[in-house]
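What follows is a short report on a single structure.
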Amino acid sequence: MKTNSVAIKGKDSCCGCGNCAISCPMNAVRMDLDREGFEYPTVDEKLCINCGKCIKVCPFEVAKNEPCFNVLSCYAGFYNIDKEHLSTSSGGAATAISKKIIKTGGIVYGAAYTDNYKSIAIKRIDNVKDLPQLKGSKYAQTYKRDTYLAVKQDLAESKKVLYIGLPCDVAALKKFIKEDHNLYTAELICSGVTSQSTHRQFVEQIEKTTGKKITYFTYRNKDKGWCWPSIQAFSGETLSYNKPWYASLAGYAFKTFMRYSCYNCQFKTYNKVDLTLGDFWGLPKTDPRYNPNGVSAIIVHSEKGAWLMSSLDDFILHDATFEEIRNGNPRLHSCLAKPTNREKFGNVFAEKGLIAACDECRIWKDKIKDLVKDLISIINL
């Protein structure tokens with residue numbers, strides 16, 4: 001085995017960004033799916049010259065050596081247009097700053113579903129009318145392919161670029177691109193990611209059960225309110241699936257079956273980014289900043305981030321404190337603990353699929369909790 005390549009890295013120290021593959025001068029590294037559906041690098045030792053470049057661009061190495069945390073200001077915010085507000089997962093901050101970038105002639109990169117809703121990839125958007133493709137929480141890791149190369153090309157053409165992604169994605173991009181005054185970055189408060197195979201099998205199961213192709217899908221519908229999101233799937237005008245996220249098989253799989261590096265996240269205090277965005281969980285309903293349709297938590301880390309938050313169209317901002325945001329978002333500073341049945345779920349998933357993994361790993365306490373959550377959602381307490 002080459003000792004100066006990503007071949008020596010374990011699964012708990014690889015976030016699947018693909019920097020190693022796009023940076024290898026010999027094309028000796030490729031990203032392959034493992035049996036659980038997560039992408040990891042494979043090194044062709046016949047081509048590898050042991051130059052170490054793949055290690056140098058690994059964001060995990062950067063995060064270990066360069067901890068950084070800086071807060072300039074914090075906000076609670078939401079759209080003041082109900083239709084726009086309801087179409088987002090929380091308050092719509094990511095959409096608002098994306099519109100600002102595009103209206104100045106810039107480009108936005110973010111996570112979007114493919115046409116059949118069975119996979120998720122980073123997409124380049126240069127027109128406001130296409131921004132709805134980036135809305136909504138996706139929960140599975142995105143395919144990046146040559147995304148960072150495309151960002152580099154846009155920057156070389158002196159275009160403003162906004163990249164919205166998970167903390168590890170942004171750290172990887174900034175390691176690959178270095179600094180550029182036209183690059184704006186926004187990281188999402190992250191609990192971790194499950195595999196795309198999990199998402200694909202969940203969508204396929206809905207289609208199998210209903211016998212209809214999905215034409216629209218979301219993990220965060222807010223018909224029951226922001227605090228009780230539901231998964232909805234449509235086939236044409238017909239609602240073919242509607243179940244609370246917390247009580248669904250997808251929800252159980254997400255909290256049980258994450259990428260191993262998510263339990264060893266190195267990016268909780270690595271904020272060389274312009275903005276951190278998420279849900280303002282924990283905001284009391286009596287607080288004047290509260291909105292039942294969702295509130296965005298916004299942390300500004302840089303002057304570029306401050307510019308992004310200035311003069312947003314149709315978006316209401318209220319001052320907040322970092323402590324308020326942190327108290328409602330423990331994933332800002334800590335990882336989820338690896339569940340005791342993580343390995344069992346992964347093994348059953350690889351051999352039999354999602355439904356079998358959930359059936360064999362969910363204990364009766366899980367099922368009762370899910371039933372209670374389902375009932376609470378139905379009566380909308």
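Checking Ile363 against (1) at pLDDT below 95; (2) among the β-branched types (Val, Ile, Thr); (3) within 23 Å of the chain's Cα centre (by Cα), which test does it fail?
(3)
Out of the residues in the range 226-279 meeting the condition of being of a type in the set (Asp, Glu) and not in a strand (DSSP E or B), tell me which one is farthest from Arg200 (Cα to Cα).
Checking each candidate, the answer is Asp274.
Can you list the strands (runs of 3 or more DSSP E) lying wholly within the range 50-147 that have 2 or more residues being touching a residue at least 60 places away in the same chain (Cβ under 8 Å) and surrounded by fewer than 22 Cβ atoms within 10 Å (Cβ to Cβ)?
Values: elements: 73-79, 107-113, 120-125.
Result: 73-79.
Take residues that are out of contact with any helix residue (DSSP H, G or I) (no Cβ under 7 Å at 6 or more places or on another chain), over 30 Å from Asp34 (Cβ atoms) and of a type in the set (D, E, K, R) and tell me which of the helices (runs of 4 or more DSSP H) falling wholly in the range 289-366 contain 2 or more.
Numbers: elements: 303-309, 322-328, 342-352, 354-361.
In the range 289-366, 303-309, 322-328 are the helices (runs of 4 or more DSSP H) which contain 2 or more residues that are out of contact with any helix residue (DSSP H, G or I) (no Cβ under 7 Å at 6 or more places or on another chain), over 30 Å from Asp34 (Cβ atoms) and of a type in the set (D, E, K, R).
What number of residues within the range 10-44 are over 15 Å from Asp146 (Cβ atoms) and in a helix (DSSP H, G or I)?
So the count comes out to 3.
Can you name the number of the only condition in (1) at pLDDT 95 or above; (2) farther than 26 Å from Arg35 by Cα; (3) in contact with a Leu (Cβ under 8 Å, 6 or more places away or on another chain) that Asp154 fails?
Going through the list (1) at pLDDT 95 or above; (2) farther than 26 Å from Arg35 by Cα; (3) in contact with a Leu (Cβ under 8 Å, 6 or more places away or on another chain), Asp154 breaks only (3).
Residues of the range 317-342 being surrounded by 12 or more Cβ atoms within 10 Å (Cβ to Cβ) and farther than 30 Å from Asp287 by Cα, which ones?
Of everything in the range 317-342, those that are surrounded by 12 or more Cβ atoms within 10 Å (Cβ to Cβ) and farther than 30 Å from Asp287 by Cα turn out to be Lys338, Pro339, Asn341, Arg342.
Give me the residue from the range 262-316 that is aromatic (Phe, Trp, Tyr) and over 30 Å from Lys83 (Cβ atoms) and, out of that set, modelled with the highest pLDDT.
Initially, the range 262-316 is screened for residues aromatic (Phe, Trp, Tyr), giving 263, 267, 270, 280-281, 290, 307, 315.
If we keep only those that are over 30 Å from Lys83 (Cβ atoms) too, we end up with 263, 267, 270.
On the way: Tyr263: 95, Phe267: 89, Tyr270: 70.
Among those residues, the one meeting the criterion is Tyr263.
Of all residues in the range 212-226, how many are farther than 25 Å from Gly37 by Cβ and open to solvent by 50 Å² or more (accessible area, probe 1.4 Å)?
Going through the range 212-226 one residue at a time, the tally reaches 2.
Specify which of the listed residues (Lys268, Lys272) is open to solvent by 50 Å² or more (accessible area, probe 1.4 Å) and under 20 Å from the mean Cα position of the chain (by Cα).
Working: Lys268 fails: open to solvent by 50 Å² or more (accessible area, probe 1.4 Å).
Step by step, each of Lys268, Lys272 is checked, and only Lys272 is open to solvent by 50 Å² or more (accessible area, probe 1.4 Å) and under 20 Å from the mean Cα position of the chain (by Cα).
Pick out the one residue from Lys144, Lys175 that is within 28 Å of Gly251 (Cα to Cα), modelled with pLDDT under 95 and touching a Cys at 6+ places or on another chain (Cβ under 8 Å).
Numbers: Lys175 fails: within 28 Å of Gly251 (Cα to Cα).
The conditions single out Lys144.
The values are calculated or read from the model by the stated rules, or taken from the named source; none is laboratory data. These numbers come from a predicted model, not from an experiment. Cβ sites come from the backbone with ideal geometry, for glycine too, and all protein chains shown count toward neighbours. In case anyone asks, the SASA skips ligands and DNA or RNA and just uses the protein heavy atoms, side chains included. Shrake-Rupley method; radii C 1.70, N 1.55, O 1.52, S 1.80 Å.
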